[in-house]
Amino acid sequence: MEKNKELAGIFEKIADILELKGENIFKVKAYRRAAAVISELSRDINAIWQNGELKQVEGIGKSMAEKIDEYLSTGRIGKYCELMEEIPGGLLELLKIQNLGPKTLFIAYNQLGVKNLNDLEAVIENGRLESIFGMGDKKIENIKTGISLYKSGKGRISIGLALPVVDKIIDFIGPYADKVSVAGSLRRMKETAGDIDILAVSSEADRAIEAFTGYSEAKEVSAKGETKASIIISEENLQVDLRVVGKESYGAALQYFTGSTAHNVKIRGLARNKGLKINEYGVFQGEKVIAGAAEEDVYRALGLPWIPPELREDRGEIEAAAHEGLPLLVKREDIKGDIHIHSNYSDGKNDIGTIAIAAGKLGYEYIGVCDHSKTSRIAGGMDEEKLKRRNEEIDRQQEKITGLKILKGIEVDILSDGQLDYSDAILEELDFVIAAIHQGFSKNAGIRMKKAMDNPLVDIIAHPTGRLLSGRKGYELDIEEIIAYAAEKNVALEINSHFDRLDLNDTNILKGRAKGIKFIISTDLHSTEMFDSIKLGIGMARRGWLGKEDILNAYSWNEMPLRRRYHD
DNA sequence: GCCGTTTTCGGCCCGACTGTTTTCAGTCG
């Protein structure tokens with residue numbers, strides 16, 4: 001799948017250069033679309049190419065197919081190389097600066113010789129940028145703001161960090177509107193957010209806008225109109241957009257602002273084919289409004305069932321909705337227990353009794369206590385003796401609580417030689433075993449993980465890629481190979497809900513789903529306050545099209561299809 | 001550059017906000 005990524009990157013760059021040069025915008029869009037389609041492909045583009053099926057891929061026509069063919073057979077694309085030579089290396093990067101678009105940048109390059117960020121700042125400083133036709137003080141100011149945002153460049157942040165910010169803002173605007181909802185990528189539960197989109201219903205848009213732009217944590221109001229405003233939140237440097245509509249347009253606006261762009265482009269194309277027009281105010285047949293108040297009505301107007309936001313990525317959901325039907329996605333109520341929990345027997349904050357009581361209040365049927373094994377010393381890993389004492393403590397707490405089963409689990413380290421951190425005899429005494437790599441990320445991680453899966457006592461692999469959203473790359477392994485091996489061995493893979501992990505993520509979940517593997521959705525809990533974070537893992541699972549039948553901890557304990565209950 | 005259940009040519013999602021404009025282009029989502 002490495003080639004998919006490379007080709008998508010190349011097409012995206014071609015689009016950037018063509019746009020900069022002022023080429024036909026629809027040609028530019030064709031390249032962007034092809035890039036998006038290729039990066040979302042669930043199959044290796046090499047295989048599609050070898051089967052001669054390139055042109056059957058949506059958005060790939062004669063010209064794109066030729067370029068893909070050229071790349072896969074020669075390792076380069078002539079047209080791409082030519083384009084890259086026309087434009088200085090650092091220039092495209094400047095397109096990421098907000099308020100500085102391709103038109104302005106190209107003029108700055110052509111007329112003022114701006115080739116990189118330093119040049120750009122220099123022509124702002126010496127006033128030459130202002131000499132460009134149509135450029136004024138305000139525009140310069142906005143570009144300067146864009147540059148400072150770009151430099152502080154936090155980029156995208158985890159959904160786990162963005163959602164609490166959203167909740168606060170929604171609470172804040174609540175009194176000034178009839179209804180307030182999150183939209184955009186956060187509603188789709190995408191793993192990271194680049195900005196926050198909020199939709200409000202009000203007959204007095206100005207009151208809501210006024211309140212919003214006065215929000216105490218806004219360090220800047222970057223736009224303020226009659227129905228729409230944007231602020232920048234201080235700490236996270238996140239842009240927050242508010243859109244206010246009347247209640248007759250709520251569904252259409254929610255559909256529109258939830259996106260994704262690719263999903264909406266296709267939805268609107270469908271509408272056009274039916275002689276309808278969709279915008280954020282409603283679905284129109286000529287002048288007549290035929291839907292708009294509820295999102296369900298918008299989809300129904302196109303002959304489609306309502307599509308859950310997590311699926312709206314143009315990954316086949318529209319076709320599924322139109323024909324074979326959408327998958328029945330796992331819901332929070334389906335989750336019967338959390339089975340990756342750390343107690344104070346390793347690095348967790350709470351004692352087992354406290355955790356059990358908190359889980360009982362959530363209505364869980366069971367919890368799985370999974371402390372660290374002895375080699376994870378920093379995480380308070382337990383030696384065999386301590387593990388024994390922990391198990392006795394679980395027995396004691398079990399006697400005190402009814403209606404909740406406390407399972408004896410372990411998060412056992414996969415050592416540098418692929419051996420597990422305890423003997424089989426110890427692992428056999430436990431209800432289930434989760435294995436994980438915590439050190440030696442670059443030392444044969446894939447081979448070690450597969451060796452761990454060779455042990456029939458290993459039921460689950462935790463955080464299978466090891467990546468962190470805050471920047472750590474993860475283990476050096478081929479995740480597709482791991483997924484295929486897990487399928488072969490009946491090992492389940494974890495969907496870890498920790499805000500910085502979200503591992504597996506949606507695309508890897510989709511690959512696992514295609515192989516028919518099982519998953520667990522867990523919190524990797526270190527404190528009872530973290531129970532709620534399971535919503536993030538559920539979001540990832542839903543984005544990966546999973547139903548409750550795919551999730552081990554959506555089964556009752558007696559029915560859970562754990563690997564050790566198979567005869568393999 | 002892609003695409004077709006009115007089209008193989010002529011469309012391509014659609015609209016808000018801003019700034020610099022006397023009617024609209026650029027940028028964004």
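The values are calculated or read from the model by the stated rules, or taken from the named source; none is laboratory data. As the structure is a computational prediction, the values presented were derived from the model and not from experiment. Don't worry about glycine lacking a Cβ; one is built from the backbone with ideal geometry, like all the others, and counts go over all protein chains shown.
Which of the residues spanning the stretch A:113-126 are within 13 Å of DNA strand B (Cβ to nearest atom) and in a loop (DSSP other than H, G, I, E, B)?
A:114
Name the single residue that is nearest to DNA strand B (Cβ to nearest atom) among those in the stretch A:258-314 being touching a Phe, Trp or Tyr at 6+ places or on another chain (Cβ under 6 Å) and part of a helix (DSSP H, G or I).
A:299
Within the stretch A:278-285, is even one residue touching a residue at least 12 places away in the same chain (Cβ under 8 Å) and among the polar types (S, T, N, Q)?
Scanning the stretch A:278-285 turns up at least one residue that is touching a residue at least 12 places away in the same chain (Cβ under 8 Å) and among the polar types (S, T, N, Q).
Would you mind stating whether residue A:254 is more than 10 Å from DNA strand B (Cβ to nearest atom), in contact with a Leu (Cβ under 7 Å, 6 or more places away or on another chain) and hydrophobic (A, V, I, L, M, F, W, C)?
The answer is yes for residue A:254.
Out of the stretch A:178-197, which residues are of a type in the set (Asp, Glu) and surrounded by fewer than 21 Cβ atoms within 10 Å (Cβ to Cβ)?
Hits for the stretch A:178-197 are A:178, A:195.
Would you mind telling me which numbered condition in (1) under 22 Å from residue A:496 (Cβ atoms); (2) modelled with pLDDT of 95 or more; (3) hydrophobic (A, V, I, L, M, F, W, C) residue A:382 fails?
In the conditions (1) under 22 Å from residue A:496 (Cβ atoms); (2) modelled with pLDDT of 95 or more; (3) hydrophobic (A, V, I, L, M, F, W, C), residue A:382 misses (2) alone.
Condition check ((1) crowded, with 22+ Cβ neighbours inside 10 Å; (2) not in a strand (DSSP E or B)) across all residues:
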| site | (1), (2) |
| --- | --- |
| A:148 | no, yes |
| A:162 | yes, yes |
| A:171 | no, yes |
| A:175 | no, yes |
| A:199 | yes, no |
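If a residue has to be touching a residue at least 24 places away in the same chain (Cβ under 8 Å), surrounded by fewer than 16 Cβ atoms within 10 Å (Cβ to Cβ) and within 16 Å of residue A:193 (Cα to Cα) to count, how many in the stretch A:238-270 make the cut?
0
Only residues in the stretch A:479-499 that are without any contact (Cβ under 8 Å) to a residue 40 or more places away in the chain and under 30 Å from residue A:527 (Cα atoms) count as the first member; pair them with residues that are among the polar types (S, T, N, Q) and not in a helix (DSSP H, G or I), Cβ under 7 angstrom, at least 6 apart or cross-chain, and list the lot.
Pairs that qualify, where the first residue is without any contact (Cβ under 8 Å) to a residue 40 or more places away in the chain and under 30 Å from residue A:527 (Cα atoms) and the partner is among the polar types (S, T, N, Q) and not in a helix (DSSP H, G or I), are A:479/A:465.
For the stretch A:177-197, which positions are in contact (Cβ under 8 Å) with a residue 60 or more places away in the chain and in a helix (DSSP H, G or I)?
Correct list: A:184, A:185, A:187.
Step by step: first the residues of the stretch A:7-28, then only those that are part of a helix (DSSP H, G or I) and exposed (fewer than 15 other Cβ atoms within 10 Å of the Cβ), then the one that is farthest from DNA strand B (Cβ to nearest atom). Which residue is that?
The qualifying residue farthest from DNA strand B (Cβ to nearest atom) is A:9.
Filter the stretch A:194-231 down to the residues that are modelled with pLDDT of 90 or more and touching a Lys or Arg at 6+ places or on another chain (Cβ under 6 Å), then identify the one that is nearest to DNA strand B (Cβ to nearest atom).
Looking at the filtered set, the residue picked out is A:228.
Any idea how many residues of the stretch A:80-94 are surrounded by 14 or more Cβ atoms within 10 Å (Cβ to Cβ) and assigned to a helix (DSSP H, G or I)?
Residues flagged as surrounded by 14 or more Cβ atoms within 10 Å (Cβ to Cβ) and assigned to a helix (DSSP H, G or I) within the stretch A:80-94 amount to 5.
Filter the stretch A:327-379 down to the residues that are at pLDDT 95 or above and basic (Lys, Arg) and list them by number.
Answer for the stretch A:327-379, where residues must be at pLDDT 95 or above and basic (Lys, Arg): A:331, A:332, A:336, A:361.
Can you say whether residue A:99 is within 15 Å of DNA strand B (Cβ to nearest atom) and free of Cβ contacts under 8 Å to residues at least 12 places away in the same chain, as far as the supplied structure shows?
No: the conditions fail for residue A:99.
Could you say which residue among A:554, A:514 is of a type outside the set (Phe, Trp, Tyr), assigned by TED's automatic domain parsing to the domain that holds residue A:360, surrounded by fewer than 17 Cβ atoms within 10 Å (Cβ to Cβ) and under 23 Å from residue A:328 (Cα atoms)?
Unique residue meeting the criteria: A:514.
For the subset of the stretch A:127-146 comprising residues that are exposed (fewer than 12 other Cβ atoms within 10 Å of the Cβ) and in a helix (DSSP H, G or I), which member is nearest to DNA strand B (Cβ to nearest atom)?
This residue is A:138.
Taking into account only those residues within the stretch A:37-79 that are surrounded by 13 or more Cβ atoms within 10 Å (Cβ to Cβ), over 25 Å from the mean Cα position of the chain (by Cα) and β-branched (Val, Ile, Thr), which is nearest to DNA strand B (Cβ to nearest atom)?
Top of the filtered list is A:60.
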